[in-house]
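Q: Pasting a structure here, questions to come.
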Amino acid sequence: MKAKDFKDIWKSEVDKNISSYSDRELNGIIAKSAKKSMRKIQPSGVFRLVVFAAVLLILINLTIRNTSVEANVIEFTALLILVSTYMLWEYSAYKMNKYRTDAPIKKWLECRIIEVEKNVKFVKKYNLLVYGGAILIGYSFNIIPQFLAKSFNWIVSIVSLVVVVSIVLFLRNLMSVKCDKTLRELNDLYKQFDE
Amino acid sequence: MKSNQEEFLEIISAYQGIIHKVNLIYFKSNADKQDNFQEVVYQLWRSFLSLKDKNKLASWIYAVAINTSISKIRKDSKLVFTDDLPDFSYVETTNNIEHNEHYCSLLDALQKLNEVDRSIMLLYMEDYSYENISEIVGISTSNVGVKIHRVKEQLRKMLKDQ
């Protein structure tokens, strides 16, 4: 086969091998995409209302109602986790909206590499803070109620510490492997432009 | 006045061939092609509202379809290693068509190229100018020329060996 024939061969056969979707089928795919897009890109209005209501309820509980110290500590922790998770969700939505798939392929790859590298740098820089904090929060769920209830149990505390540390280390390893693999693959792809 | 969804449907309906062609060079199984079609439509829908230049719809669809396909291949690395014969099972008219032998060989050879070369060759075979390919892929026009020349040689060698 001659190189100049590639175009002719492609053009003469490719359309025969394509089965186009009908407008009805396309409409279904688009409707599905629109719903997926709404869910993924923007936390919905209902979700925001639920978060707002939950935060309000916890704040009322913390300030107005006279509850026990144990309950206050648990509610305050829940408030912190809820607010930080919500902020992360909003930040992620903002990043998703900024990320454009219609950029030229090389630029699109550069953006993705930069994002992954930023992530890797952040994790390396704040390694102790991120994972130490995760261990501390996870462990405090078990230890604080024990102290407050004045029923400290050494065995339960040690076992729960081992469990929390193992889970955090496992997740750390999982994320690190995934990040390295993604970065390596993106760099491999990027190298294809220079070959 | 048309709603965004109606306008989007018209565009996808008119240009869906592009997505199918990109699917052909990147995926072999019916399920992967269908999955990727949906993912590409989703990514197009996401960037549709911010699309500024509606005179370059084909280039826009090519860029999104290629980026999404590469991303899917890399996410699901097992796709890279499948080396079955091209799967045409999804084609409605499969029984009525005798596939051109050269076309099958060409498609098979295209699927053995690296991701970037595949996209450049697809755009070349679809009669895109070097300038347009350069805009979509993001490399210089001269680099496009060099790559096309090299890939054509590579394809010729692959087809000769078959």
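Q: Read through the list (1) in contact (Cβ under 8 Å) with a residue 24 or more places away in the chain; (2) touching a helix residue (DSSP H, G or I) at 6+ places or on another chain (Cβ under 7 Å); (3) more than 9 Å from every other protein chain (Cβ to nearest Cβ), then give the number of the only condition that B:Ile133 fails.
A: (1)
Q: Go through the stretch B:48-61 and give me each residue that's surrounded by fewer than 17 Cβ atoms within 10 Å (Cβ to Cβ) and at the interface with another protein chain (Cβ under 8 Å from one of its Cβ atoms).
A: Within the stretch B:48-61, B:Ser50, B:Leu51 qualify.
Q: Run A:Glu117 past the list (1) surrounded by fewer than 15 Cβ atoms within 10 Å (Cβ to Cβ); (2) in the same structural domain as A:Leu189 (by TED's automatic domain parsing); (3) free of Cβ contacts under 8 Å to residues at least 60 places away in the same chain; (4) within 30 Å of B:Val40 (Cα to Cα) and report the number of the one that doesn't hold.
A: Result: A:Glu117 passes all but (3).
Q: Under 8 Å between Cβ atoms, at least 6 apart or on separate chains: pull out the pairs that start in the stretch A:139-163 with a residue that is of a type in the set (Phe, Trp, Tyr) and end on any residue that is in a helix (DSSP H, G or I).
A: From the stretch A:139-163, the pairs are A:Tyr139/A:Ser160; A:Tyr139/A:Leu161; A:Tyr139/A:Val164; A:Phe141/A:Thr77; A:Phe152/A:Gln146.
Q: Return yes or no: is B:Tyr124 at pLDDT below 90 and not assigned by TED's automatic domain parsing to the domain that holds B:Lys28?
A: no
Q: I'd like to check something: does the stretch B:97-112 contain any residue that is modelled with pLDDT of 90 or more and surrounded by fewer than 16 Cβ atoms within 10 Å (Cβ to Cβ)?
A: Scanning the stretch B:97-112 turns up at least one residue that is modelled with pLDDT of 90 or more and surrounded by fewer than 16 Cβ atoms within 10 Å (Cβ to Cβ).
Q: Could you tell me which of the residues A:Thr67, A:Thr77 is more than 14 Å from every other protein chain (Cβ to nearest Cβ), farther than 30 Å from B:Ile120 by Cβ, at pLDDT below 80 and in contact with a helix residue (DSSP H, G or I) (Cβ under 8 Å, 6 or more places away or on another chain)?
A: A:Thr67
Q: Looking at B:Val80, B:Val116, B:Val91, which is the one that is part of a helix (DSSP H, G or I) and at pLDDT below 75?
A: The match here is B:Val80.
Q: Moving on to the next point. Given the options B:Leu107, B:Leu123, name the one that is part of a helix (DSSP H, G or I), in contact (Cβ under 8 Å) with a residue 60 or more places away in the chain and over 18 Å from A:Lys106 (Cα atoms).
A: B:Leu107
Q: Looking only at the stretch B:1-13, filter to residues that are at pLDDT 85 or above and in contact with a Leu (Cβ under 8 Å, 6 or more places away or on another chain); which one of those is surrounded by the fewest Cβ atoms within 10 Å (Cβ to Cβ)?
A: Top of the filtered list is B:Ser13.
Q: Same structure, new question: Do we find a residue being in a loop (DSSP other than H, G, I, E, B), closer than 21 Å to B:Val137 by Cα and either modelled with pLDDT of 90 or more or touching a strand residue (DSSP E or B) at 6+ places or on another chain (Cβ under 6 Å) (or both) anywhere in the stretch B:36-51?
A: No, the stretch B:36-51 contains no residue that is in a loop (DSSP other than H, G, I, E, B), closer than 21 Å to B:Val137 by Cα and either modelled with pLDDT of 90 or more or touching a strand residue (DSSP E or B) at 6+ places or on another chain (Cβ under 6 Å) (or both).
Q: Still on this structure: Here are some residues: A:Glu90, A:Glu70, A:Glu75. Which one is in contact (Cβ under 8 Å) with a residue 12 or more places away in the chain, surrounded by 15 or more Cβ atoms within 10 Å (Cβ to Cβ), assigned to a helix (DSSP H, G or I) and not assigned by TED's automatic domain parsing to the domain that holds A:Lys181?
A: Result of the check over A:Glu90, A:Glu70, A:Glu75: A:Glu75.
The values are calculated or read from the model by the stated rules, or taken from the named source; none is laboratory data. These numbers come from a predicted model, not from an experiment. Don't worry about glycine lacking a Cβ; one is built from the backbone with ideal geometry, like all the others, and counts go over all protein chains shown.
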